[in-house]
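Working notes for the structure below.
The values are calculated or read from the model by the stated rules, or taken from the named source; none is laboratory data. Values in this document were obtained by computation on a predicted structure and should not be read as measured data. Cβ sites come from the backbone with ideal geometry, for glycine too, and all protein chains shown count toward neighbours. Remember, those area values only see protein heavy atoms, side chains included, never the ligands or the DNA or RNA. Shrake-Rupley method; radii C 1.70, N 1.55, O 1.52, S 1.80 Å.
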Amino acid sequence: PFIIIALGVANVLADGFSMAAANYSGTKAELDNVRRIRKIEERHIQNHPEGEFFEVREILANKGLTGDVLNQATEAITKDHENWIAFMMEGEYGLGGVDPHPVKSAATTFLAFLLAGIVPLFPFLLGLDNAFFISATMTMVTFFTIGALKSVWSLSPWWRSAGETLVIGGVAAAIAFYVGTLFHA
């Protein structure tokens, strides 16, 4: 049990940090890309305002606006520099106005990974009989629960999302268990 706990805690912390660092890097890269595109749009609006004006008009026309409404909407958007840039970033590049926070994303990932990753270790930490069976059962319940909760914001029914997460997590756990048996004396 001591080896399982030591390796389990080390693995959860290292994997959690790795996942958090990857999330931080990815979120930061996403922010950098948004800033880069914003500078491009600022430059386009400054150097080619007529062309950008007609791009706004074209985007709005593609959304179904016509006639006076199209003219008024185009004028209103291009009158305010910040609105104009924001509109072009969304209309031309599909980038919304929400800026992700790399540190918050990384911390959330680490905490979620830590909470879910520590579940299989509880029976060993508590010194329970049949710790392996209890650990495997708790892990499956955790995967199932995470999948069911994920369905709140996905388009899948809760049972499908729960089943997919259970299968994916179960395969990952089976691989880890198999690799562990290779080192068994």
(Q) Please determine whether any residue of region 6-29 is at pLDDT below 95, over 30 Å from H81 (Cβ atoms) and of a type in the set (D, E, K, R). (A) yes
Q.
Here's a check for you: in region 143-156, which residue that is open to solvent by 50 Å² or more (accessible area, probe 1.4 Å) and not in a helix (DSSP H, G or I) is farthest from V119 (Cα to Cα)?
A. L155
Q. Which members of region 162-184 meet the condition of being over 20 Å from I3 (Cβ atoms) and either basic (K, R) or touching a Ser or Thr at 6+ places or on another chain (Cβ under 8 Å) (or both)?
A. A162, E164, G169
Q | Of all residues making up region 114-133, the number that are assigned to a helix (DSSP H, G or I), in contact (Cβ under 8 Å) with a residue 12 or more places away in the chain and farther than 20 Å from A20 by Cβ | A | 5
Q. Any residue at all in region 171-182 that is under 30 Å from F17 (Cβ atoms), open to solvent by less than 70 Å² (accessible area, probe 1.4 Å), of a type in the set (S, T, Y) and modelled with pLDDT of 95 or more?
A. no
Q. Is it the case that L111 is modelled with pLDDT of 95 or more, closer than 30 Å to T145 by Cβ, in a helix (DSSP H, G or I) and not β-branched (V, I, T)?
A. yes
**Q.** Any hit, region 77-98, residues being at negative phi, loosely packed, with under 13 Cβ neighbours inside 10 Å, in contact (Cβ under 8 Å) with a residue 60 or more places away in the chain and under 16 Å from the mean Cα position of the chain (by Cα)
**A.** no
Q | Residue list for region 1-24, filter: open to solvent by less than 70 Å² (accessible area, probe 1.4 Å) and among the hydroxyl-bearing types (S, T, Y) | A | S18
Q. For residues in region 42-76 being assigned to a helix (DSSP H, G or I) and of a type in the set (G, A, S), which is most open to solvent (accessible area, probe 1.4 Å)?
A. A76
